[in-house]
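The values are calculated or read from the model by the stated rules, or taken from the named source; none is laboratory data. Given the structure is predicted, the values throughout are model-derived calculations rather than measurements. Methodologically, a virtual Cβ is constructed for each residue, glycine included, from the backbone with ideal geometry; neighbour enumeration extends over all protein chains shown. Quick note on the areas: whole protein, heavy atoms, side chains included, nothing else; ligands and nucleic acids left out. Shrake-Rupley method; radii C 1.70, N 1.55, O 1.52, S 1.80 Å.
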Amino acid sequence: MHKSSSPRYKVWDIGLPRTGTKTFCQAVKILGYKRVKHNPRLEHLSELDAASDAGCVVYYKYLDYKYPNSKFVLCTRELDSWLTSAEFIYTKYPSTDRDIAILRRMMIYETVTFDRQKFIDAYHRHHADVRRYFQNRPDDLLEINIDAGEGWEKLCPFLELPIPEVDFPHLNKRTDFYPEPKPAELAASQLTDL
């Protein structure tokens, strides 16, 4: 397989939100993709070479039809870890009054707010549908679990790009929302708790 030093394919991350979608966007930027967007709207997709999150999940079959020879990445995450992360973010940002968010959440989860059973069903339904859709095209779909530490060693060969000499990124962690307290802050809080 010939490895190019610049991207040859459009690449769409069709993993559910909270599976490493922002990390995916940063990773493909490091690999040389310039027109990248996290959670794009339909009208922005034609301007992009890579994207991720709900804006790709709901349109992945359209993207496959519209942009032949695209590559698709299904970012996955262990179910319980994903549910914990999804509950955190969908409770923190319920988006019950934004039409685009409502539309996407209903299409993906069949609910607007976090509902554990509906999210479990959506997780299994989405993964099964993606695998069924690409079952006869294994060269067009990569499954990767960024949360479990998979990164360049899977993504780069799939995109026929060399592995960069930088660590694989990891963005949008819970500590990005609630940073770990610094040692001095911990010491001060322990004094006030006495």
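Given a 10 angstrom Cα cut-off, can you work out which residue in D129, D64, D147 is the most mobile in a GNM of the chain?
Most flexible of the set in this elastic network: D129.
By DSSP, what percent of the beta bridges with both residues in the chain are antiparallel, rounded to the nearest 5?
In the chain, approximately 0 percent of DSSP beta bridges are antiparallel ones.
Going by alpha carbons, how many degrees (0 to 90, nearest 10) lie between the helix axis of 79-92 and the longest principal axis of the chain?
Once rounded, the angle reads 70 degrees.
For semi-axes √(5λ) of the Cα gyration tensor in Å, which listed value, (i) 34, 16, 15; (ii) 30, 23, 15; (iii) 37, 17, 15, comes from the coordinates shown?
(ii)
How many Å² of accessible area per residue for the chain, probe 1.4 Å?
Result: 55 Å² of accessible area for each residue.
Measure nothing but the geometry: give the 0 to 90° angle between the long axis through the Cα atoms of 183-192 and the longest principal axis through the Cα atoms of the chain, rounded to 10°.
30
Which one of K61, K37, K22 has the biggest mean-square fluctuation once the chain is modelled by GNM with Cα springs under 10 Å?
Result: K61 has the largest fluctuation of those listed.
Longest segment of the chain with no GluC sites (Glu not before Pro) in a DSSP loop having at most 12 other Cβ atoms within 10 Å?
With a cap of 12 other Cβ atoms within 10 Å, the longest stretch comes to 79-164.
Run the 1.4 Å probe and let me know the accessible area of H124, rounded to the nearest 10 Å².
100
As a quick test, which of the pairs K92/K154; K29/K118; K10/K37; K92/K118; K10/K118; K37/K66 have an alpha carbon distance above 24 angstrom in this structure?
Cα-Cα > 24 Å for K92/K154; K29/K118; K10/K118; rest within.
Let me make sure I get this right: for region 54-135, a, b and c are the square roots of the gyration tensor eigenvalues over alpha carbons, sorted descending. Under 1.5 in a/c it's rounded, otherwise prolate if a/b > b/c, else oblate. Which is it?
oblate
Starting from the amide H of V73, placed 1.01 Å from N in the peptide plane, find each other amide H under 5 Å away whose residue is 5 or more places distant or on another chain.
Hits under the 5 Å cutoff: W12, D13, I14, L142.
Please list, or write none, the aspartates and glutamates whose alpha carbon is within less than 18 Å of the alpha carbon of K22, excluding same-chain residues fewer than 8 places away.
Answer for K22, where 18 Å is the Cα cut-off: D13, D49, D53, E78, E87, E143, D147, E150, D167, D176, listed by chain and number.
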